[in-house]
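Worksheet: the structure to be examined is printed underneath.
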Amino acid sequence: MSAELLMVEQRGGKGADAAHWILEGGRILPGVDDNRRMEELRSGLLRHANVRTATADADCEEVEQTLSVLHEPRYLEALDEVSEEPVVIPELTPPGLPPDIPVCAGLVSAAREGVRTAITAAEQLAAGAHFTYALCRPPGHHAGPDWFAGYCYLNTAAAAVQTLRGLGVRPVGILDIDLHYPNGTAAIVEEMPDARLHSLHASPVTNVAGGTVEPSSEREQVVEFEGSPDAATYLDALAASIEALAQSSRALVVSLGSWGFTPEIFTRIGALLAASGLPICVIQEGGYALETLAACSYAFAEGLLEGAPA
């Protein structure tokens, strides 16, 4: 029987949910996280005949219970109180960093729907699906216990990890292959003794104070690349991380983002993940080059599904 990938689609939130702006390199730039990303990613994934779809259907109680484990109560209360008018909240930023994005009610609503999507994808994995893909936005891996940054307000990858743990699928390996370091995910899973995190990211690290990462424990491994690595270097490092996580995990949660890689590299990434033999729950993080998203998402699905053991 051919391998299948279950793509879980996010429900619509309430209110305007496109990113307003982001502070990068000391400059305020127009926001690039919006629903066009999801449309491009979806169209690429659905080009593969073995991708099927489902709608996120985790109930609201599950969403709120999961969020209560991942984020501080006062943080969730503060997000609930924002209006439709975008506002900067300096006290809800990562330690040692300036605020880089605003928040509004529409973005919080979308982030909650992203968490619902991640929970559903994890539940489907625990129920027997071998590959699931939470097609969600905004991204989540920079959202910490009590902070938001980098378009991220609620941590979707951590929501998937917590769901798997709650359903008895543990230990869980987390592989973050977005361009940026997952400072929020790292801070949250530090309190999960049965979860391990590997991050492959660019250096210097712009989203932590000091520009470099100190792993919080032996359960966190980081691989930093100066600039954009060549394909062979990156894939060798990725293979090593996948092998290490596979030895100590019952499932993988993969935070998938973009480095500006070609579609061919995403095919290899998918194949390396499939070769681990583990159930895999993919969580969409970054990826903003609209002109290449469909090609890269199709290439990833092709590698994952064609590389899966028969």
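The values are calculated or read from the model by the stated rules, or taken from the named source; none is laboratory data. Note that the structure is predicted; figures quoted are calculated from it, not measured. All Cβ positions, even for glycine, are placed from backbone atoms using ideal geometry, and neighbour counts span all protein chains on display. To get the accessible areas, we keep the full protein, side chains included, count just its heavy atoms, and leave off ligands, DNA and RNA. Shrake-Rupley method; radii C 1.70, N 1.55, O 1.52, S 1.80 Å.
For segment 60-121 versus segment 219-273, the spacing of their alpha-carbon centroids is 28 Å. Here the dipole of segment 131-256 is about 540 debye; that uses its Cα centre as origin and unit charges on the Cβ of Lys and Arg (positive) and Asp and Glu (negative). Within the shell defined by Cβ-Cβ distances under 12 Å, the residues around residue 248 carry a net charge of +1, with Lys and Arg each +1 and Asp and Glu each -1. Per residue, the solvent-accessible area of the chain (1.4 Å probe, heavy atoms of protein chains only, all protein chains present) comes to 40 Å². For segment 209-270, treating each Cα as an identical point scatterer without solvent, what Debye log10 I(q)/I(0) comes out at q = 0.14, 0.20 1/Å? At q = 0.14, 0.20 Å⁻¹ the computed log10 ratios are -0.50, -1.00.
Under a model in which nothing but the beta-carbon of Lys, Arg (+1) and Asp, Glu (-1) is charged, the chain shows a dipole of about 660 debye around its Cα centre. For the chain, set up a Gaussian network in which alpha carbons nearer than 10 Å are linked by springs, and say which option among 124, 247, 284 fluctuates the most. Answer for the Gaussian network model of the chain: 247. When segment 154-252 is described by a simple charge dipole with +1 on each Lys and Arg Cβ and -1 on each Asp and Glu Cβ, the residue from 217, 158, 204 located farthest towards its positive end is 158. FRET efficiency for the residue 65 to residue 88 pair, using the beta carbon distance and R₀ = 41 Å, is estimated at 0.90.
Put simply, when 47-60, 292-305, 130-143 are sorted by average Cβ atoms within 10 angstrom per residue, most first, you get 130-143, 292-305, 47-60. Along the axis of the charge dipole computed for segment 1-156 (Cβ charges of +1 for Lys and Arg, -1 for Asp and Glu, origin at the Cα centre), the listed residues 134, 50, 19 are led at the positive end by 50.
I need the Kirkwood Rh of the chain: take the reciprocal of the average 1/r across all distinct C-alpha pairs and report it in angstrom. Taking every pair of different Cα atoms in the chain, averaging 1/r and inverting gives 18.9 Å.
In this simple spin-label model, placing a label point 7 Å from the Cα along the Cα-to-Cβ direction at both residue 217 and residue 77 gives a separation of 2.8 nm. Spread over its residues, the convex hull of the C-alpha atoms of segment 42-122 is 142 Å³ per residue.
Taking a sphere under 14 Å around the Cβ of residue 56 and counting the other residues whose Cβ falls inside, with K and R at +1 and D and E at -1, yields a net charge of -1.
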